[in-house]
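Structure first, commentary second.
The values are calculated or read from the model by the stated rules, or taken from the named source; none is laboratory data. In this text the structure is predicted, and so the values were computed from the model without any measurement. FYI the Cβ positions are ideal-geometry reconstructions off the backbone, even for glycines, and counts take in every protein chain you see.
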Amino acid sequence: MGGAARRPEAILRDCVGVAGSTLDIAEAALACSAMERPELDLTGYRAHLAEIARDAASSGAASPPALLAEVLATRHGYRGDRDTYDDIANADLARVIDRRRGLPVALSILWMHAARSRGWSCVGLNSPGHFVAQLAAHGQRWILDPFDGGRVLDEPALASLLRRAQGSGPMLDIDDLAVVDDRSVLLRLQNNIKLRLQRAGEKRRALAVVERMLVIAPRAVDLWREAGALNADLDNLRKAVGCLDQAMALAAGEGPRQRIAAERARLAGRLN
C-alpha cells in the first residue's frame, strides 16, 4: 500500500475505507504502529509479512492449522508473552514483529495474514478476555489459539480457555462466539493499548489512540464521547465540545442524545 513516505494515517484510512468485512489487516495494524511512532519505517516489516506469505505458500505441512503453526510459531518463533503480558509493546504489531511475542489479538493478525495469503478464510471470534481465530479451509473449520503457538482448540479446550478468561462471571456459551470483522479486530488491538496508557495516567497518548480508533470507526458514538472526556481532562475544552457534537449527531434515540447534550452543556459552561 504505497511507499514508506506516505503518512500512516492515510495508509490506515485506505485500509479501512474499502467495502466489506475483510481488510489488509496486517498493513492496517502496521499503520497504527507508525501513527504511534511517526519515525517508524515500515519497509522491513512489510518485507517480513511478504516472507511469511511466501513461507505459507511453500510449506508442505499436513493440515492448514499445522502449516500456520509451522510457519509462524516454529519457523519465525512467534509466541504469547506470558512473562510481561501487560507490556504495551504486545499490542503494537511492529514491536510484536521485533520481539516475536505479543497479545492474542496481535498474534491472531499474523495468523490471519498467513492464512489469507494461502487463500484460506481466517477471522477473529469475539471471545472475551482471550482472542482466538477461526480458520476455514478445504471444507473444514478449526478454532486456533495463536497465543499458544496456534494450538487447535476442541470444544473442551475452548470451554476451559473461556472459563479462565472470564473468571467467576457467568459463562458465555461456546455457540455464542460470533465472528468479528477486521475493523473490530483492529479496535480491540488499539483498545489494549489505550487501556494500558490510561492505567499509566498517560491521557495525551490515550487520546491519540482513541483518535486512531475513530479513523477505523468514525461513527462510533462511544469513541467520540471518550475523545470528548479525554480532551476535557487535558483542558482542550473546545475540542471536547466538538467531539460531543459529533457524538450527539451520530447517537440513535432521544435518550442517548439528551445524555450527551447534558455532558456538552457542562463542558460548554466551563468555556464561559
**Prompt:** If you check Arg164, Arg225, which single one turns out to be surrounded by fewer than 19 Cβ atoms within 10 Å (Cβ to Cβ) and either in a helix (DSSP H, G or I) or among the polar types (S, T, N, Q) (or both)?
**Reply:** Arg164
**Request:** Note down all Cβ pairs under 8 Å where the first residue falls in segment 218-231 and is in the same structural domain as Cys243 (by TED's automatic domain parsing), the second is surrounded by fewer than 21 Cβ atoms within 10 Å (Cβ to Cβ) and of a type in the set (Asp, Glu), and they're at least six residues apart or on different chains.
**Result:** Arg225/Glu263; Ala227/Glu211; Gly228/Glu263
**Request:** Mind listing just one residue for me: the one in segment 135-151 that is small (Gly, Ala, Ser) and free of Cβ contacts under 8 Å to residues at least 24 places away in the same chain and, of those, surrounded by the fewest Cβ atoms within 10 Å (Cβ to Cβ)?
**Result:** Gly139
**Request:** Name the single residue, out of those in segment 200-214 being charged (D, E, K, R) and within 15 Å of Arg13 (Cα to Cα), that is surrounded by the fewest Cβ atoms within 10 Å (Cβ to Cβ).
**Result:** Glu211
**Prompt:** Glu155 versus (1) free of Cβ contacts under 8 Å to residues at least 40 places away in the same chain; (2) over 19 Å from Val123 (Cα atoms): which is the lone unmet condition?
**Reply:** (2)
**Complete:** All-but-one check, Ala200 against (1) farther than 25 Å from Glu70 by Cα; (2) in contact with a Gly (Cβ under 8 Å, 6 or more places away or on another chain), failing number (2)
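Check every one of the helices (runs of 4 or more DSSP H) wholly within segment 31-124 and list those with 3 or more residues that are touching a Lys or Arg at 6+ places or on another chain (Cβ under 9 Å), within 21 Å of Asp181 (Cβ to Cβ) and at pLDDT 95 or above.
Answer list for segment 31-124: 104-117.
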**Message:** Regarding segment 183-190, can at least one residue be identified that is free of Cβ contacts under 8 Å to residues at least 40 places away in the same chain and outside any loop (DSSP other than H, G, I, E, B)?
**Reply:** yes
**Request:** For residues that are touching a helix residue (DSSP H, G or I) at 6+ places or on another chain (Cβ under 8 Å) and of a type in the set (S, T, N, Q), scanning just segment 226-251, find the one that is farthest from Ala208 (Cα to Cα).
**Result:** Gln246
**Item:** Subset of segment 37-80 (residues that are under 28 Å from Arg212 (Cβ atoms) and of a type in the set (Ser, Thr, Tyr))
**Value:** Thr43, Tyr45, Tyr78
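Scanning for something in a strand (DSSP E or B), in contact (Cβ under 8 Å) with a residue 60 or more places away in the chain, closer than 18 Å to Pro64 by Cβ and not charged (D, E, K, R), does segment 127-134 turn up at least one residue?
No, because not a single residue in segment 127-134 is in a strand (DSSP E or B), in contact (Cβ under 8 Å) with a residue 60 or more places away in the chain, closer than 18 Å to Pro64 by Cβ and not charged (D, E, K, R).
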**Request:** Go through (1) at negative phi; (2) out of contact with any strand residue (DSSP E or B) (no Cβ under 7 Å at 6 or more places or on another chain) one by one and return the number of the condition Arg79 breaks.
**Result:** (2)
**Request:** Can you run down the residue pairs with Cβ atoms below 8 Å, 6 or more apart or on separate chains, where the first is in segment 49-75 and assigned by TED's automatic domain parsing to the domain that holds Ala136 and the partner is assigned to a helix (DSSP H, G or I) and hydroxyl-bearing (Ser, Thr, Tyr)?
**Result:** Ile52/Ser117; Ala53/Ser117; Ala56/Ser117; Ala57/Ser117
